[in-house]
Amino acid sequence: MFDSIVFFSIVVGLFSLINPISILPVYISLTGDYTEAIKLKTLKKTCTYIVGICLLAYFLGVYLLMVFGISIQALRVAGGLIIFRSGWQLLHLKHKQEFKGEQLREESEHKVDISFSPLAMPLLAGPGAMSFLITLYANRETGPMNAFWQDVSAVSAIVFVALVIYVMFKFAPRLMKYTGKSGLDSLSKIMGFIVTGVGVQMILSSLTTLAQSLLKDLPQP
């Protein structure tokens, strides 16, 4: 059956990794010259793209990595490192900083539609979120019903996070007015603690599983 704990744990992890709060100032800057109608259209397309990217990462990511011969354990460690890096950058307010600035504005000015790039990817649905979803699918239950309900929870969480992003970005100017940049920075740091913990837990779980498998392969005295 549907597990609300699994649903909310996925929501918290995914929302923290996407971290739309840190992208609010960028979104306002990129869409400053847009009319309200164009803003809403761009925002709807961006959220649709986020759902599509996340669903592809969740359902197909593991199989795409298998094509390149990447093991599940290696994926878990790599995903944990990426997520840990994202959390560390959040703590030091450097999250996705490489995508900000004049280069991003110049790119947006030469694009008719910025909903997919740079907004949906890589600013929102970036490597950290995709690694989280790929690892989540790789660790899902083996039983068909348990796996099905985890998939339902994951899809519901992805759609829910996209809806939250839509509401946040729709009222972005008001949020910026009440919280200010310092308020957004504080929220980003709080998310940084959560994301860092998720990354460390993924790495420790992967190393523990790997150590157990190696011990089993050792000859018994």
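The values are calculated or read from the model by the stated rules, or taken from the named source; none is laboratory data. None of the values given here were measured: they were computed from a predicted structure. Reconstructed Cβ throughout: ideal geometry from the backbone, glycine too, with neighbour counts over all protein chains shown.
Remarks
- Here ILE190 fits the description: modelled with pLDDT of 75 or more, surrounded by fewer than 16 Cβ atoms within 10 Å (Cβ to Cβ) and closer than 30 Å to ILE28 by Cα.
- Scanning region 154-182 for residues that are more than 19 Å from ILE38 (Cα to Cα), at pLDDT below 90 and surrounded by 15 or more Cβ atoms within 10 Å (Cβ to Cβ) yields a count of 3.
- Residue list for region 141-151, restricted to those being surrounded by 15 or more Cβ atoms within 10 Å (Cβ to Cβ) and among the hydrophobic types (A, V, I, L, M, F, W, C): TRP149
- Residue in region 137-149 that is in a helix (DSSP H, G or I), within 14 Å of PHE2 (Cα to Cα) and touching a helix residue (DSSP H, G or I) at 6+ places or on another chain (Cβ under 9 Å) present: yes
- For region 43-61, a tally of residues being surrounded by fewer than 19 Cβ atoms within 10 Å (Cβ to Cβ) and farther than 18 Å from VAL11 by Cα returns 3.
- Of all the criteria given as (1) in a helix (DSSP H, G or I); (2) over 30 Å from ASP185 (Cα atoms); (3) at pLDDT below 75, the one not satisfied by LEU104 is (2).
- Filter result for VAL26 (hydrophobic (A, V, I, L, M, F, W, C) and at pLDDT 90 or above): no
- Of the helices (runs of 4 or more DSSP H) entirely within region 1-93, those holding at least 1 residues that are in contact with a Pro (Cβ under 7 Å, 6 or more places away or on another chain) and closer than 21 Å to PRO118 by Cβ occupy 20-30, 72-91.
- Hits in region 124-133 (condition: of a type outside the set (Gly, Ala, Ser) and crowded, with 24+ Cβ neighbours inside 10 Å): LEU124, PHE132, LEU133
- Hey, PHE84 aromatic (Phe, Trp, Tyr) and over 25 Å from LEU163 (Cα atoms) or not: yes
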